[in-house]
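Asker: Encoded as structure tokens, here's the structure I'll be asking about.
Readers should treat all values here as calculations from the given coordinates under stated rules, not as data from a laboratory. The structure displayed is predicted, hence computed values, not measured ones.
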Amino acid sequence: MRNDESDTEKVQALYFVNAEQDDGREVDPYGLAYLAMLQFTEADLSKMIGNLSDGQKARVALAKCLLSGAAVIVLDEPANHLDLMSIQVMEQALIHFPGAAITGRKC
């Protein structure tokens, strides 16, 4: 996973969407559900993304895709470097994704 400006963002930022309110944000009703489904605990929400393990960073990236509002997401070898539990969590999250998911793997 590449390092970028999101490394300085907290995990909890994933369950907010931009809105015209006092603080400019409102809670995304799906955000917290996806974070819970992806095995993030309440304690994880205050952590900086840059300080997470590689597996947690992969789950953050998946959450960002799922919450992007895209109709289609493309995942290139999404199970690479994931343990069995993480693969199962990813599968469950993709089952609940309302759009289409295209995955690829090397032959």
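Asker: Which whole-Hz couplings ³J(HN,Hα) result when phi for each residue of region 59-68 is put into the Karplus expression 6.51 cos²θ - 1.76 cosθ + 1.60, θ = phi - 60°, listed in order with x for Gly and Pro?
Answerer: 5, 4, 4, 5, 4, 4, 5, 5, 8, 6
Asker: Taking H as built 1.01 Å from N, whose amide H comes closer than 5 Å to the amide H of residue 75, not counting residues under 5 places away?
Answerer: 102, 103, 104
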